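Asks: Pasting a structure here, questions to come.
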Amino acid sequence: MNLSELNKVATAMVAPGRGILAADESTGTIKKRFDALGVESTTDNRRDYREMLFRSTDAMAIYISGVILFDETIRQSAMDGTPLVKLIEKAGSLPGIKVDKGTKPIPFCPGEVVTEGLDGLRERLVEYRGLGARFAKWRAVIDIGQEHGLPSHTCVMGNAHALARYAALCQDELIVPIVEPEVLMDGDHDIDRCVEVTSWVLKETFHQLFYNRVALEGMVLKPNMAVPGKKSPKRASVEEVAEKTVRMLRNCVPAAVPGIAFLSGGQSDEEATAHLDAMNRIGNLPWRLTFSYGRALQAAPQKAWSGKAENVAAAQRAFNHRAMMNGLATLGQWKADLERKAA
Ligand code: 13P
């Protein structure tokens, strides 16, 4: 294993002031986003939209350390024939690739899923590396559910094991794995239940990473924050989310991991930024804390774009703004005033 190369890439992914753009929506998910805007989800529209993001010069050069792509996008070229991967590289950012194949129901575990995609993964990683991918992503999904019985041991163990096998294969092919065990914020559980379940999931994940000989210095963790379920009547302040998330991570994530890049998971744009900022203000942390946001970076530019070429400049302004706000949050230097000024 070339750990120094893996560590160099992982460190660049979580460099101060920068974070990751998750633009790896599957064809089904991007269609849902486009449907909401009244835009038809054609190959060309998906290309135009993503080209708009990757040509947002300020965001890409200053705040976005890497971009997670979907299989279709890593093979696509911009309108002028330049491969999209080259646009990302030219901007000074790293191309990455989602390699999991989505979730499937787990037998005898109603309501629970396991992420698939290990079959043929080594061969796909070799191909993706040839296409320019320097890092990869695999997302496991854990639902806390309405009843206290969830998640099951089967679900937590199965997903942690698959994540670790994926991560080992990535490192063996000189690709930095983003290890993403996402505990969903659906449901009415409170923040402490989220901490309890996420801690279990993280501990099991690191256990499996150890058994699969994954080098922690050559990976990035992508967890959820500690937040109450969307339907919980007990809301949590920004400070409570920050304190409980940092405490949970200190208890579960070894210091050898270079960085933790959160998913936004359905938080509003500003919440996702405020939470990250508050955590970085706590300071004195063993790993870098940054973002790997999908929705919280793209909702505003998507709306501004709405499928029209004449809106590209406005959409790029919206994307630059969110990227800058989150870049500042990685340094604990974001202020709510900066949002108002831009509005
Ligand atoms: P969200 O930030 O929209 O949760 O997406 C991040 C991601 O990549 C989920 O796998």
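Every read-out reported here was derived from the displayed coordinates using simple, explicitly stated rules and does not represent laboratory data. In this text the structure is predicted, and so the values were computed from the model without any measurement. Cβ: placed from backbone, ideal geometry, glycine included. Neighbour counts: every protein chain shown.
Asks: Would you tally the net charge around Lys137, using a Cβ to Cβ cut-off of less than 14 Å, leaving Lys137 out, and scoring K and R as +1, D and E as -1?
Replies: Net charge around Lys137: 0.
Asks: Compute the Cα gyration tensor for the stretch 172-323, then decide on rounded, prolate or oblate, letting a ≥ b ≥ c be the square roots of its eigenvalues: rounded whenever a/c is under 1.5, prolate when a/b is larger than b/c in the other cases, and oblate in all that remain.
Replies: Judged from the Cα gyration tensor, the stretch 172-323 comes out oblate (a/c at least 1.5, b/c at or above a/b).
Asks: What shape does the stretch 21-114 have by the C-alpha gyration tensor, where a ≥ b ≥ c are the square roots of the eigenvalues, rounded means a/c under 1.5, and otherwise prolate means a/b greater than b/c and oblate the rest?
Replies: Taking the square roots of the gyration eigenvalues as a ≥ b ≥ c, the stretch 21-114 is prolate.
Asks: Any idea how far apart Asp190 and Asp119 come out in nm if each label point goes 7 Å out from Cα toward Cβ?
Replies: Result for the modelled spin labels: 4.5 nm.
Asks: Go ahead and run the numbers for FRET between Glu239 and Lys203, Cβ-Cβ distance against an R0 of 25 Å, rounding to 0.05.
Replies: 0.50
Asks: What per residue convex hull volume, in Å³, comes out for the chain when only alpha-carbon positions are used?
Replies: So the per-residue Cα hull volume is 128 Å³.
Asks: Here's a follow-up. What distance in nm lies between label points placed 7 Å from Cα along the C-beta direction at Asp172 and Asp58?
Replies: The modelled label-to-label distance comes out at 4.6 nm.
Asks: Right, next: What are the membrane-span-like helices in the chain by this rule: whole DSSP H runs, Cα extent along the axis at least 20 Å, mean Kyte-Doolittle hydropathy at least -1.0?
Replies: Membrane-span-like by this rule: 153-172, 191-211, 238-252, 269-282, 312-329.
Asks: Moving on. Where in the chain is the longest stretch that carries no GluC sites (Glu not before Pro) classed as loop by DSSP and with at most 13 other Cβ atoms within 10 Å?
Replies: The segment 148-343 is the longest one with no such site.
Asks: Return one quarter of the surface area of the convex hull spanned by the alpha-carbon atoms of the stretch 153-217, equal to its mean projected area, in nm².
Replies: Average of the hull's projected areas for the stretch 153-217 equals 4.7 nm².
Asks: So, one more: Pick from Ala304, Ala23, Ala160 the residue whose mean-square fluctuation is largest in a GNM of the chain, springs joining Cα atoms under 10 Å.
Replies: Its mean-square fluctuation being the largest, the pick is Ala304.
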